[in-house]
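**Q** Here you go, one structure.
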Amino acid sequence: MNKYYGFFDGIKNLYDGKIIECGLYDDIFSNVYNALAGNEEIKELYAENGFCVGKNILEIAAGDGSNYMIPLAQKGFNVDGVEISESMIDRFNENVSKLPQRIKKKLNMIQADIFDYETDKKYDLITIPSTTICLLSDDVERLENLFDKIYSWLTPNGRLMFDYRTDQVTERLYASNILTNTNLEDKYYIVLQEFNNFVPEKSIVNMYVEKADGSKYLACSEKKIITEKFVDSVIEKTCFKKHYTYHVKEGDITIDVCVLNKEEVA
Ligand SMILES: C[S@@+](CC[C@H](N)C(=O)[O-])C[C@H]1O[C@@H](n2cnc3c(N)ncnc32)[C@H](O)[C@@H]1O
């Protein structure tokens with residue numbers, strides 16, 4: 001069940017019955033996703049690692065493709081994506097329709113829940129960017145099985161990359177500043193806030209969108225707050241070896257970008 005706090009709880013009560021609730025990656029929210037552009041430094045790290053290992057990339061939970069799939073295809077990689085949300089895939093298809101044919105043919109999106117997905121295809125780099133690993137970490141055994149599956153999908157010297165926030169702690173309640181963004185072209189505004197440990201060890205993001213026509217939408221996403229200790233314990237259960245961890249800072253936010261190797265490097 002969606003959980004709302006502060007302003008968002010107030011808005012829900014204020015407009016009781018006149019507000020549309022959906023998932024953070026569904027309906028209207030799949031449209032506003034690309035207003036929340038990813039970190040350029042981190043995008044470069046993913047591309048650099050791609051250049052070290054080969055041409056074929058799989059992005060897990062690939063969203064609308066605007067942050068990673070499309071920019072990587074424009075750099076020359078062949079990029080497959082697996083994504084669960086139909087709305088995100090609709091946005092992806094819209095984004096791809098604007099691209100030249102030579103880029104389009106490097107992109108392939110598959111609709112699936114990554115925990116059920118199977119393939120015989122091999123990839124040089126498999127990625128889980130934009131802190132999405134926290135959406136996949138609720139059931140540790142299921143995550144370890146996913147890592148094993150990813151291991152089997154990699155070429156002999158392939159790499160797995162993912163990132164997660166290291167500024168979030170499980171020990172204290174925290175509400176971020178309220179963030180806002182107005183889109184004059186598509187005529188809506190967004191209000192966004194993060195609430196940590198209001199549910200223990202969870203980071204909950206509440207988002208409100210109001211369109212110029214007066215329609216109102218609320219969404220909530222719930223991510224597990226993961227720590228280096230948690231990440232290390234998952235890696236230990238797999239055959240992966242840690243290759244490198246980049247530490248990236250963006251204002252108050254710190255992110256670790258982890259690179260794992262299928263084979264140990266000499
Ligand atoms: C934070 S977004 C990241 C999107 C994209 N990777 C990016 O960097 O822009 C997380 C995405 O994970 C997708 N997702 C969540 N659980 C999933 C699952 N079990 N299988 C496939 N996709 C999933 C959501 O629908 C959403 O599009």
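The values are calculated or read from the model by the stated rules, or taken from the named source; none is laboratory data. Quick caveat: nothing in here was measured; it's all calculated off a predicted structure. So basically every Cβ, Gly included, is an ideal-geometry build from the backbone, and we count neighbours across all protein chains shown.
**Q** Can you tell me which residue within the range 82-122, out of those that are surrounded by 18 or more Cβ atoms within 10 Å (Cβ to Cβ) and among the hydroxyl-bearing types (Ser, Thr, Tyr), is farthest from the ligand (Cβ to nearest atom)?
**A** So, considering only residues that are surrounded by 18 or more Cβ atoms within 10 Å (Cβ to Cβ) and among the hydroxyl-bearing types (Ser, Thr, Tyr), the one farthest from the ligand (Cβ to nearest atom) is 87.
**Q** Give the residue, chosen from 125, 136, that is farther than 21 Å from residue 56 by Cα, modelled with pLDDT of 95 or more, in the same structural domain as residue 61 (by TED's automatic domain parsing) and touching a Leu at 6+ places or on another chain (Cβ under 8 Å).
**A** 136
**Q** Now, a different point. Pull up the range 25-46, narrow it to residues that are crowded, with 17+ Cβ neighbours inside 10 Å and modelled with pLDDT of 80 or more, then point me to the one that is farthest from residue 77 (Cα to Cα).
**A** Among them, the one singled out is 39.
**Q** Residue check: is residue 180 more than 16 Å from the ligand (Cβ to nearest atom), modelled with pLDDT under 95 and in contact with a Leu (Cβ under 8 Å, 6 or more places away or on another chain)?
**A** Answer is yes for this residue.
**Q** Could you look through the range 159-177, keep only residues that are of a type in the set (A, V, I, L, M, F, W, C) and crowded, with 19+ Cβ neighbours inside 10 Å, and pick out the one that is farthest from residue 132 (Cα to Cα)?
**A** Once the filter is applied, the top-ranked residue is 160.
**Q** Quick one: in the range 123-149, of everything that is within 18 Å of residue 259 (Cα to Cα) and away from the ligand (no atom under 13 Å from the Cβ), which residue is surrounded by the most Cβ atoms within 10 Å (Cβ to Cβ)?
**A** 125
**Q** Please determine whether any residue of the range 102-109 is in the same structural domain as residue 256 (by TED's automatic domain parsing) and touching an Asp or Glu at 6+ places or on another chain (Cβ under 7 Å).
**A** Yes: one or more hits.
**Q** Now, a different point. Which condition number does residue 245 fail, the rest of (1) under 30 Å from residue 156 (Cβ atoms); (2) surrounded by fewer than 16 Cβ atoms within 10 Å (Cβ to Cβ); (3) of a type in the set (S, T, N, Q); (4) touching a residue at least 40 places away in the same chain (Cβ under 8 Å) being met?
**A** Going through the list (1) under 30 Å from residue 156 (Cβ atoms); (2) surrounded by fewer than 16 Cβ atoms within 10 Å (Cβ to Cβ); (3) of a type in the set (S, T, N, Q); (4) touching a residue at least 40 places away in the same chain (Cβ under 8 Å), residue 245 breaks only (4).
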